[in-house]
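This report refers to the structure that appears directly beneath it.
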Amino acid sequence: MSVTTRFAPSPTGRLHVGNIRTALHNWLWARRNGGTFILRLDDTDAGRSTEENAEAIRADLAWLGLAPDAEHRQSDRFDRYEAALERLRASGRAYPAYETAQELDLKRKIQLGRGRPPVYDRAALALTTEEVARYDGEGRRPHWRFRLDHNAPIEWRDLVRGGQHFDPALLSDPVIRREDGSWLYMLPSAVDDIDMGISHVVRGEDHVTNTALQIQMFEALGAAPPAFAHEALLVGSEGKLSKRLGSLGVEAMREAGIEPMALVAKLARIGTSLPVEPFATAKPLIESFDFATFGRAPARFDMEELAALNARIVHQLDYEQVRGRLPRGMDEEAWAVIRPNLHNVAEAADWWHIVEGPVEHRAGEDDRAFVASAAEVAEAIEWNDAPWKALTAALKARTGRSGKGLFLPLRQALTGRDSGPEMAPLLLLIGKEQSVRRLRDSAA
Ligand code: GLU
């Protein structure tokens, strides 16, 4: 069977880690099977969908390396939904209803008050032709519902959740089109999945009930339903679905210096039985992707864990992969020295500014003699591959200083700052001549 998956965001906002994860899993499954990954823009809500958001979604996917093989938008396909509704109407599987939102609300409240589930009572199915004609005459426009087949139990084997069973009699006939002619999500999505030959629908478990309804839609439209994988949702590190998670998108990742591969490596594996590993490419993730490894418990997303994974990935990046993001003049050798010390690529600039100088620093009264000795020692020691160790050991022996009293004045004199990157690799980059000069100038 050829595999076709789709990622179907509404361009009413930016992507966030939750739907990036959905996109990724659809992409991984398509790649794993040599299949096709489609971006479907669910833009039936003309008021809230914008081209700017659509563009941002494309850009985010590109940044993540999840470029789709094809793109469709629902607003181009209204005639298809129209045709499907007509077909359902002709076969008695769609019907007009005239209740107002207030009437429906009241019905629900009465049902709940009687301790019954708030399932739509199908009053609209009992309308006579005269009543319908009267409503139409009054200028009332109907909304449309899909009529569930109460005699056909809904069952599927979910790739994550296992056997699923729904009794259609306990579900409301879903509204598929509003009075104003606009489409709700439910039917267009099923029509698209049929037309686009979607083999696997991979989405969050918040869609499980929709799937039950859509399975009957696929069948009513003469199509076999695709396979479904409903993943447990993502929660924040504090254990609940946090607001922050919903606003945590590619922009925030970039700001935090997170590499796309770090996010991909993390989101591919959290919530599965496979370990999160600092992969530098998606290949091992594609090869190991398997719905059977997905757990049923919510997956916890923790920004600090992501940052730690990010650092491990940064440590593997080659100069060629980052050179465009490094400060001018920073060469391959410098990258090799500082790379193991970085949390993110942007930090390289901090190091480089210190290496390049200029450094303006005057040692305080108490430290001046010490820094002058440091200049002499720096001049005298063998400037091999560990000059910092040699310098501090010799100074410790000579002056009796240790700890902060030893390290801080050196750092200040050499970098002009109280804190910053690790001194040992930094000193290698600053070099002997510069280091001696900085120490002398500071002590002068
Ligand atoms: N636009 C829907 C959503 O973002 C798509 C759901 C689906 O994958 O069918 O929730």
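The values are calculated or read from the model by the stated rules, or taken from the named source; none is laboratory data. What you are looking at is a predicted structure, and each value in this text was computed from that prediction instead of being measured. Cβ placement follows ideal geometry from the backbone for every residue including glycine, while neighbour counts extend to all protein chains displayed. Just the protein is used for accessible areas: all its heavy atoms, side chains included, with ligands, DNA and RNA removed. Shrake-Rupley method; radii C 1.70, N 1.55, O 1.52, S 1.80 Å.
Entry for region 204-263 at q = 0.26 Å⁻¹: log10 I(q)/I(0) = -1.07, Debye formula applied to identical alpha-carbon scatterers, no solvent contribution.
Taking the DSSP beta bridges in the chain as the whole, what percent of them are antiparallel, to the nearest 5?
On the way: 13 of 30 bridges.
Bridges in the chain are about 45 percent antiparallel.
How many percent of the accessible area of the chain is carbon or sulfur, using a 1.4 Å probe? C and S atoms contribute 50 percent here.
Asp76 label point, 7 Å along Cα→Cβ, cut-off 12 Å on backbone N: hits in region 1-41? Under cut-off, by backbone N: 39-41.
Computed across region 139-186, the Kirkwood hydrodynamic radius from all distinct Cα-Cα pairs reaches 12.8 Å. Here the alpha carbons of the chain define both size measures, Rg and Dmax, at 31.4, 107 Å. Measuring nothing but alpha carbons in region 248-388 and taking Rh as the Kirkwood radius, the Rg to Rh ratio lands at 1.15. Over the C-alpha atoms of region 170-233, the Rg to Rh ratio, Rh being the Kirkwood estimate, stands at 0.97. Average accessible surface for the chain: 48 Å² per residue, computed with a 1.4 Å probe over protein heavy atoms with every protein chain in place.
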